[in-house]
Amino acid sequence: MREMKYSGIEWIGCIPNNWGMYHLKYLCNFKTGGTPSDKMGIDSINIGYPWITPQDIIDRIYIENFTQYISQEAINQFGYKLFPPKSILLVCIASIGKVGIVRENCYANQQITALLPYESRVVPKFILYFVKAASQKIAYDASSNVVPIINTSYLKQFYCVVPSLSEQRRIASFLDAKCTEIDALTADIQEQIDTLEQYKHSVITETVTKGLNPDAKMKDGGEEWVGAIPTSWEIKKGKYLFEQRNLRGNLIELQLLSPTQKYGVIPQSLYEELSGMSAVKLNEKTDLMLLKTIHKGDYCISLRSFQGGFEYSEYEGVVSPAYQVFYPTVEIADGYYKYLFKESGFIEKMNSYTMTLRDGKNIAFADFGNTYIPYPPIPEQQVIADFLDAKCAKIDEIISQKREQLAIIEEYKKSLIFEYVTGKKEVNAWK
């Protein structure tokens, strides 16, 4: 057991006696990314150099899944700084702390700072793993700003643990091997989650458009996205099943609700509790008389959502006037249409009405009203809804368990990196 000493830094704790502590400015050079211009030559064609954004930096050792490239002409015109191989790219604005290392020459946007290690003093991979271990501390320090941001001055003064070069190499090689194993396991579990999600969507599609009786006689549903439906089902335009609700005003102080894709239409306080995120609050100058009333059992079209923006409300309340509220005018089983409105074919059909989305077009109730949708017999609607409730609950439970596995693995990975880059565990102990 080697002798330890207190590092003087609370989050680091104790380090081996023969390890040093240095500001990063003595270990690395620093470069910041450039501010994009509308005129700069960035596109998805693999010509020129990779242009890195925070979205390209995922929890892996190397940054290599590039989505954009910048031309040499744009580099010359705007004077962007080259980040050479072995540069450690750290996101310093917004999604603070995302970090990775590059294998090739690249450029980056203004949210990214590059650490270029002095290889006579430190091993680049060791610095990468140390910054990974420090990312939570860096993000915490940034959170005190109105806009989370870490500047170069802060990074230059940030203390780094420094063992000998030979020990840095051993630690970096060990962590490369262990993190590669962990990342492979993570990718496998994520693939299982994706497969389960796809299976759930296919079950919903098959059930809400074909029913549960595999021997049922079928007929043409009249809509390409619907396909064939049981002969006992009807197909009706949405406007003959639902009507828009335009009641406004909040004189009795109804609770403000948030339409969400994951949870439906729920109170803002509940959304914040479930998601851990802040809901968009009303401006103090908002005229409460403009808010739209929504009742339990109503549906809400969630603006420009093209991933399934028809949400069901379990609550009485009000929503922003920008949303469109509608309710059934005939007898239905609410649960059946909750699932139908999440079916991929229906979503694609709604998307076909919003081709000018970038020009500001929202999903319109009028377009929905003129779309043919299935109308099974009421008892069958309820049976389908009950079946899907039970089936989807089982699938979601398995997905939840796998997400918990991912969280445990992620915490293990973080702990592993921290313990070795701060010397609390020795690589030799694993041999």
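General remarks:
- Among (1) in a helix (DSSP H, G or I); (2) under 25 Å from the mean Cα position of the chain (by Cα), the one test that L388 misses: (2)
- When E411, E380, E419 are checked against the criterion of being touching a strand residue (DSSP E or B) at 6+ places or on another chain (Cβ under 9 Å) and in a helix (DSSP H, G or I), E380 stands alone in meeting it.
- Condition met for F326 (modelled with pLDDT of 85 or more and either assigned to a helix (DSSP H, G or I) or not assigned by TED's automatic domain parsing to the domain that holds L254 (or both)): no
- Matching entry among T53, T67 (being at pLDDT below 85 and either within 24 Å of the chain's Cα centre (by Cα) or more than 26 Å from K137 (Cα to Cα) (or both)): T67
- Within region 303-323, not a single residue is assigned to a helix (DSSP H, G or I) and at pLDDT 85 or above.
- For the criterion of being touching a helix residue (DSSP H, G or I) at 6+ places or on another chain (Cβ under 7 Å) and either more than 30 Å from L27 (Cα to Cα) or not basic (K, R) (or both), L247 fails.
- Candidate set: region 242-271, residues that are surrounded by fewer than 17 Cβ atoms within 10 Å (Cβ to Cβ) and of a type in the set (K, R); chosen: the one nearest to L288 (Cα to Cα): R248
- Residue satisfying condition, being at pLDDT 95 or above and either assigned to a helix (DSSP H, G or I) or acidic (D, E) (or both), within set I347, I399, I332: I399
- Only residues that are on the phi < 0 side of the Ramachandran plot and either modelled with pLDDT of 95 or more or part of a strand (DSSP E or B) (or both) were counted across region 239-282, and they come to 16.
- Qualifying residue in region 152-166 (condition: more than 27 Å from M4 (Cα to Cα), of a type in the set (V, I, T) and touching a strand residue (DSSP E or B) at 6+ places or on another chain (Cβ under 9 Å)): yes
- When the residues of region 223-241 are filtered to those that are closer than 21 Å to P328 by Cβ and surrounded by fewer than 17 Cβ atoms within 10 Å (Cβ to Cβ), the one that is farthest from the chain's Cα centre (by Cα) is S232.
- Condition check for K178: touching a residue at least 60 places away in the same chain (Cβ under 8 Å) and closer than 30 Å to G8 by Cα: yes
- Top-ranked residue of region 223-238 - restricted to ones that are within 17 Å of P377 (Cα to Cα), of a type in the set (A, V, I, L, M, F, W, C) and part of a loop (DSSP other than H, G, I, E, B), ranked as modelled with the highest pLDDT: W233
Every residue, every condition in (1) assigned to a helix (DSSP H, G or I); (2) surrounded by 14 or more Cβ atoms within 10 Å (Cβ to Cβ), yes or no:
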site	(1), (2)
S144	no, no
Y154	yes, yes
S173	yes, yes
T180	yes, no
T186	yes, yes
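The values are calculated or read from the model by the stated rules, or taken from the named source; none is laboratory data. Here the structure is a predicted model, which is why all the values come from computation and not from measurement. With ideal geometry, Cβ positions are generated from the backbone for all residues, glycine too; neighbour counts draw on all protein chains shown.
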